[in-house]
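Notes to accompany the following structure.
All of the numbers you see were taken from the coordinates with simple rules; none came from a lab. All of these numbers come straight from a predicted model, not from anything done at the bench. For neighbour counting, all protein chains shown are included, and Cβ atoms are generated from backbone atoms with ideal geometry for every residue, glycine included.
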Amino acid sequence: MQHAETLIQTAFCTKHIVDFRISPFKLINMKRIVVAAMLVIFGTALYATPPDVSEKVLNIFKSTFVNAKDVKWSEFESNYSVSFSLEGIQSKVVYDKEGNMLSSLRYYSPERLPVNIYSKLKKKYQDKTLYGVTESSTDQEIAYYVKIYDAKNWYTIKVDASGSMETVEKLKRADIGQFPEKKNHKK
């Protein structure tokens, strides 16, 4: 006679009957594992829940960035921060508690810069490779921080809305060989 605590599954093989038994000890351990996994899943879901963003701020965000994807909110003492992707551009916007946009950051490739700024950069830094842009904007200013590199160094060039440029950072490259070098083909 088999014990009630034992789970029996019988499988028919070509010439043999195979009897799989799971002991009560193993069943208890399996239950513990399942419960632990459920706690981890629910704990992660609770942790990932966005903060209580005011309805006013949410409505302003949703009406401004209708097609935003991968939206993640953070709440601070006096403001909210939201990170998202829109048309392939990673963005971060900071709102005050009343829904006024305080600042924004956008990260994109240099080809997405305003045409006048892009052409000035290409002309001035024709011996360097344009790599990426961080666009920073507030009510008072918009600035583009453009990363460029050559065979030896990385540079950060700050460009304002009128196209004025200033080198704000120069670093010796530690990544030589990781990026293809720009080739100038002149005919």
Calculated over the stretch 53-187: convex hull of Cα atoms, volume per residue (Å³): 149
Potential lengthening between VAL168 and ARG112 on full extension [0.36 nm per residue; Cα-Cα distance subtracted]: 18.0 nm
Simple label model, 7 Å out from Cα along Cβ direction - ILE89 to GLU55, nm: 3.1
Net charge contributed by nearby residues that have their C-beta within less than 14 Å of PHE65 (K/R +1, D/E -1): +3
Calculated FRET efficiency for the pair GLU75/SER137, C-beta based, R₀ 30 Å, to 0.05: 0.85
Alpha-carbon Debye profile of the stretch 87-137, log10 I(q)/I(0) at 0.16, 0.25 Å⁻¹: -0.57, -0.95
Among TYR125, LEU113, PHE65 - extreme Cα towards positive end, dipole of the stretch 55-172, charges at beta-carbon: TYR125
Estimated FRET transfer efficiency (ASP127, ASP160; beta-carbon r; R0 25 Å; 0.05): 0.60
Formal net charge of residues neighbouring LYS170 (Cβ-Cβ distance under 13 Å; K, R +1; D, E -1): +3
